[in-house]
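Participant: Take this structure, written in structure tokens, and hold onto it; I'll ask about it next.
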Amino acid sequence: MPVIPFSDPTALRVAAGILRSGSLVAFPTETVYGLGADATQDRAVARIYEAKGRPSFNPLICHVPDPESLVPLVHCDERARLAMAAFWPGPLTLVLPRREGCSLSPLVSAGLPSVAVRVPDHPLALALLRECGRPIAAPSANRSGSISPTLAAHVVASLGDRIDMVLDGGACGVGVESTVVDLTGRQPALLRPGGISRERLEAVLGALVWDVDNDVAPHSPGQLLSHYAPSCPVRLDAVSASPEEALLGFGAAGLTAGATLNLSPSGDLVEAAANLFAMLFKLDAAGWAGIAVMPIPDHGLGLAINDRLRRAAAPRDPRQGFIG
Ligand code: TXA
Ligand code: MG
């Protein structure tokens, strides 16, 4: 796996080509190294989760080179424009409502109706985003559970055998991840403290709701259940469906059973992850009384797929959504 220094004149063109082909490139930002994939390709985004070994689908940050690139992707209100003008490029991530029909993979949002976006303050990251011409989804470039990398060597140690290229831009200046602020509600909410302080944010946005424990991170998955399910009931480990139910299949068994849709006829878990949210949305929209899902192997990306499906199938509290 090549580690290419920033000074190499061909590096950006090669890296952008790898990203557009659906593979992974680690690159420096001002906060930490990111593990990048083309945010518009379901399979490329699924590969991020596979490489990190994440046991669940945590939504990812989409990186863009400038605020204008967000116009087709998300809805920006006055607060968003103020925050962008004050802090971008820089270590601030804004969670904004997704535009319906936008080109981003639903896997980037882990099925949520919002997207986290930021413009990084790093010349190499910005040059890569411009050269690639697509929004780049990038979590920190480390295996799940390890610390975030601030040197190319950290990325190689953690993920070297799992990714296609590392762009080496030296040490990251900020060293902690971006601050995450949710602007989808009435009052701005701080979801993750980071590179921009609460005080600086409040000077621009007014009082922030402290919502750190309600982050979409895996510490508190129960809080998120209401975001994660189709409107109809979901039944797991099904071998067949009733006449009112759609059957969501996996592998050859799905073909034999005549599944309505198949997450991966060949039994490929990366393909299944890439299809998961889009297929659930599609079956839900088609008005079936329920979705019966065939068993998914519980290894590799199957862990994250099954985590997501268990949330979707969790018992529902009529007042509060889901109780899990
Ligand atoms: O500094 C950073 O932000 C780095 C660099 C590479 O940009 N990226 C990073 O990504 O830290 P990641 O995936 O490790 O963290 C993303 C954070 C998580 O806490 C996630 O729950 C939150 O952003 N997040 C992403 N999308 C969200 C959404 N739609 N709603 C709420 N929270 C979201
Ligand atoms: Mg991280």
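The values are calculated or read from the model by the stated rules, or taken from the named source; none is laboratory data. Just so we're clear, the structure is a prediction, and the values are computed from it rather than from any experiment. Glycine gets a Cβ as well: all are built from the backbone with ideal geometry, and neighbour counts include every protein chain shown. Accessible surface areas use protein heavy atoms only, side chains included; no ligands, DNA or RNA. Shrake-Rupley method; radii C 1.70, N 1.55, O 1.52, S 1.80 Å.
Participant: Could you calculate the FRET efficiency of R310 with R99 from 1/(1 + (r/R0)^6), where r is the beta carbon distance between them and R0 is 30 Å, rounded to 0.05? Spell out each step's value before the answer.
Facilitator: On the way: r = 29 Å, r/R0 = 0.98.
Efficiency at R0 = 30 Å is approximately 0.55.
Participant: What FRET efficiency, computed as 1/(1 + (r/R0)^6) with R0 = 30 Å and r the Cβ-Cβ distance, is obtained for S231 and R130, rounded to the nearest 0.05? Don't jump to the answer; show the numbers that get you there.
Facilitator: Numbers: r = 40 Å, r/R0 = 1.33.
That pair, S231 with R130, gives E of 0.15.
Participant: Could you tally the net charge around P295, taking each other residue with its Cβ under 15 Å from the Cβ of P295, Lys/Arg +1 and Asp/Glu -1?
Facilitator: That sum, taken over residues with Cβ under 15 Å, equals 0.
Participant: Compute the Rg/Rh shape ratio of the range 3-210: radius of gyration over Kirkwood radius, all on alpha-carbon atoms.
Facilitator: 0.94
Participant: Find how many whole Å separate the alpha carbon centroid of the range 1-57 from the alpha carbon centroid of the range 271-302.
Facilitator: 26
Participant: Follow-up. Give me the net charge for the shell around W88: Cβ to Cβ below 14 angstrom, other residues only, Lys and Arg +1, Asp and Glu -1.
Facilitator: 0
Participant: Also, quick follow-up: Please give the helix 123-132 orientation as an angle from the longest Cα principal axis of the chain, in degrees from 0 to 90, rounded to the nearest 10.
Facilitator: 50
Participant: Could you compute the net charge surrounding G251? Neighbours are other residues with a C-beta less than 14 Å from the C-beta of G251; K and R count +1, D and E count -1.
Facilitator: -4
Participant: Turning to a different aspect of this structure: Rounded to the nearest percent, how much of the accessible area of the chain (1.4 Å probe, protein heavy atoms only) is carbon and sulfur?
Facilitator: C and S fraction of accessible area: 55 percent.
Participant: Further question on the same structure: Show me the ranking of peptides 63-72, 203-212, 108-117 by mean Cβ neighbours inside 10 Å, starting with the highest.
Facilitator: Numbers: 63-72: 17.0, 203-212: 14.3, 108-117: 22.6.
Packing proxy ranking, top to bottom: 108-117, 63-72, 203-212.
Participant: Sticking with this structure for a sec: Give me D for the range 24-65 in µm² s⁻¹, whole number, from Stokes-Einstein with Rh from the Kirkwood sum over alpha-carbon pairs, 4 °C and 1.567 mPa s.
Facilitator: Translational D for this selection: 118 µm²/s.
Participant: How much length is gained if the chain between E78 and H299 is pulled fully straight, taking 0.36 nm per residue apart and subtracting their Cα-Cα distance, in nm to one decimal?
Facilitator: Extra length available between E78 and H299 comes to 75.1 nm.
Participant: Working from Cα positions, state the angle (0 to 90°, nearest 10) between the long axis of helix 269-285 and the longest principal axis of the chain.
Facilitator: Around 70 degrees separate the two axes.
Participant: Each label point is 7 Å from the Cα along the Cα-to-Cβ direction; what then is the distance between the points at K282 and R143, in nm?
Facilitator: Taking the simple label geometry, K282 and R143 are separated by 3.4 nm.
Participant: Now a separate question. Between S105 and residues 5 or more places away or on another chain, which pairs have amide H atoms under 5 Å apart, with H built 1.01 Å from N, and which residues are they?
Facilitator: Distant-sequence amide H within range of S105: T40, Q41.
Participant: Under the definition of Cα pairs under 8 Å and six or more residues apart, what whole-number percent is the relative contact order of the chain?
Facilitator: Over the chain, the number comes to 21 percent.
Participant: Between helix 302-313 and the chain, what is the angle of the helix's C-alpha long axis to the longest principal axis, kept within 0 to 90° and rounded to the nearest 10?
Facilitator: Approximately 60 degrees, to the nearest ten.
Participant: Please give the length that would be gained between V209 and A153 if that part of the chain were fully extended, namely 0.36 nm times their separation in residues minus their C-alpha to C-alpha distance (nm, one decimal).
Facilitator: 16.4 nm
Participant: Now, a different point. Over the Cα atoms of the range 234-313, Rg to Rh with Kirkwood Rh, two decimal places?
Facilitator: Reported Rg/Rh, Kirkwood definition of Rh: 0.92.
Participant: Kindly report the accessible area of the chain per residue (heavy atoms of protein chains, probe 1.4 Å, no ligands, DNA or RNA), in Å².
Facilitator: I get 41 Å² per residue for the chain.
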